[in-house]
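This report refers to the structure that appears directly beneath it.
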Amino acid sequence: AKVKGAGSVGFYRGERAPASDEALDLARDLRGAIARRELHLMFQPKIDAGSAQITGAEALLRWTHPERGIVPPSVFIPISEQFGLIDEIGDWVIEEACRQAHLWRRQGVRMRIAVNLSARQLLQPNLPQRIRGILRRYRIHPSLLTCEITESLAVESTEAYRLALINLQKSGMHISIDDFGTGYSNLSYLRELPARELKIDRSFVTDLGESEHAHSIVDAVIRMSHALGKRVVAEGVENQRQMEILVALGCDELQGYFFAKPMSSELLLLWATSPPDG
Ligand code: C2E
Ligand code: CA
Ligand code: CA
Ligand code: CA
């Protein structure tokens, strides 16, 4: 028998990698979580830096565990990868995000939708076909879907990943390199990646305005991206000062608590039709 005590509460707060007993428990509970409707998506707006208009929304996965409450994706996504559950969960995320985009459009709101893809998913041989099937079913043009892939993954990764990204792009979807700056991309590698967009990692955005170092890095990343014909999104924008600096540096899109936290699909619809300052 396993002891589940107060320790596990602190554990979630800290969002560290779970002990293996804990991981086994969670993996067992995660199986069937979709059928039990314990997963849902939250949506965070992406904002055009020039017009301050919403351009789209990123879907972020939540798991409400019947006893433990909300388990953060930083905990259960790695477990789902480790235990071979990510394919099913990843498919559900894409389907659910597209279903929402379809509903929003029926309510008169047309916007881009972004989903996060994990390593394992990218290596599924028929991923582009399956996504295209889902998009067709909800009559969403592929160019309205952005696939966010973390940089470390996009880079670690060899030819197989690059080919997977190219196949997604050939299907008309947009690729975004997530958490940019935390991995090891070099310029020539970046040039070869079929990405439309780079997302500057929150750690750099957080330090903006306090560290000249962060300022120089963000400045360089934006110039480099533009030179390569890619758009730049900043994540984790939490205050006005960060926003102003990013706009001055020419960042294309912004995302973060300063504009909106992740919210339900219903709230996002309201937000998109009447943003707080407009
Ligand atoms: P990410 O893709 O880098 O997503 C951004 C994370 O930062 C989200 O955390 C979001 O809620 C949070 N965030 C947004 N704005 C701010 C801000 O201004 N300040 C701060 N402090 N945080 C902000 P979340 O939802 O807990 O997701 C964590 C990570 O889990 C994501 O990082 C992504 O890598 C992964 N993830 C989430 N949903 C999925 C999914 O459906 N599939 C896969 N494979 N991974 C997912
Ligand atoms: Ca993301
Ligand atoms: Ca990110
Ligand atoms: Ca990040």
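The values are calculated or read from the model by the stated rules, or taken from the named source; none is laboratory data. What you are looking at is a predicted structure, and each value in this text was computed from that prediction instead of being measured. Positions of Cβ are backbone-derived with ideal geometry, glycine not excepted, and every protein chain shown enters the neighbour counts. We work out accessible area using only protein heavy atoms, side chains counted, and drop any ligands, DNA or RNA first. Shrake-Rupley method; radii C 1.70, N 1.55, O 1.52, S 1.80 Å.
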Residue that is modelled with the lowest pLDDT [pool: residues in region 30-80 that are of a type in the set (Asp, Glu) and open to solvent by 20 Å² or more (accessible area, probe 1.4 Å)]: Glu67
Given (1) within 21 Å of His40 (Cα to Cα); (2) open to solvent by 60 Å² or more (accessible area, probe 1.4 Å), index of the condition Gln100 fails: (2)
Checked region 225-246 for anything closer than 16 Å to Pro194 by Cα, open to solvent by 20 Å² or more (accessible area, probe 1.4 Å) and within 16 Å of ligand 2 (Cβ to nearest atom); matches are Arg231
Only one of Gly181, Gly209 is surrounded by fewer than 21 Cβ atoms within 10 Å (Cβ to Cβ), at pLDDT below 90, over 15 Å from the mean Cα position of the chain (by Cα) and within 16 Å of ligand 3 (Cβ to nearest atom), namely Gly181
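Would you be able to say whether some residue in region 263-271 is away from ligand 3 (no atom under 16 Å from the Cβ), more than 28 Å from Leu163 (Cβ to Cβ), small (Gly, Ala, Ser) and over 17 Å from the mean Cα position of the chain (by Cα)?
No, the conditions are met nowhere in region 263-271.
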Output the helices (runs of 4 or more DSSP H) that fall wholly within region 75-188 and possess 2 or more residues being touching a strand residue (DSSP E or B) at 6+ places or on another chain (Cβ under 9 Å) and not hydrophobic (A, V, I, L, M, F, W, C), or say none. 86-106, 151-156, 158-170
I'd like to check something: does region 137-159 contain any residue that is open to solvent by 50 Å² or more (accessible area, probe 1.4 Å), away from ligand 3 (no atom under 16 Å from the Cβ) and over 29 Å from Ser225 (Cβ atoms)? yes
If we keep only residues of region 189-200 that are surrounded by fewer than 21 Cβ atoms within 10 Å (Cβ to Cβ) and in contact with a strand residue (DSSP E or B) (Cβ under 9 Å, 6 or more places away or on another chain), then the residue nearest to Ile113 (Cα to Cα) is Arg196
Taking region 220-263 and keeping residues among the acidic types (Asp, Glu) and under 19 Å from Ser176 (Cα atoms) leaves Glu235, Asp252, Glu253
Return the residues of region 46-76 that are over 20 Å from Arg36 (Cα atoms), hydroxyl-bearing (Ser, Thr, Tyr) and over 14 Å from the mean Cα position of the chain (by Cα); say none if nothing qualifies. Ser51, Thr55
Picking from Ser203, Ser225, which residue would you name as being touching a Lys or Arg at 6+ places or on another chain (Cβ under 9 Å), hydroxyl-bearing (Ser, Thr, Tyr) and part of a helix (DSSP H, G or I)? Ser225
Applying the selection to region 220-242, what residues are within 22 Å of Ile175 (Cα to Cα) and away from ligand 4 (no atom under 16 Å from the Cβ)? Ala220, Ile222, Arg223, Met224, Ser225, His226, Ala227, Leu228, Gly229, Lys230, Arg231
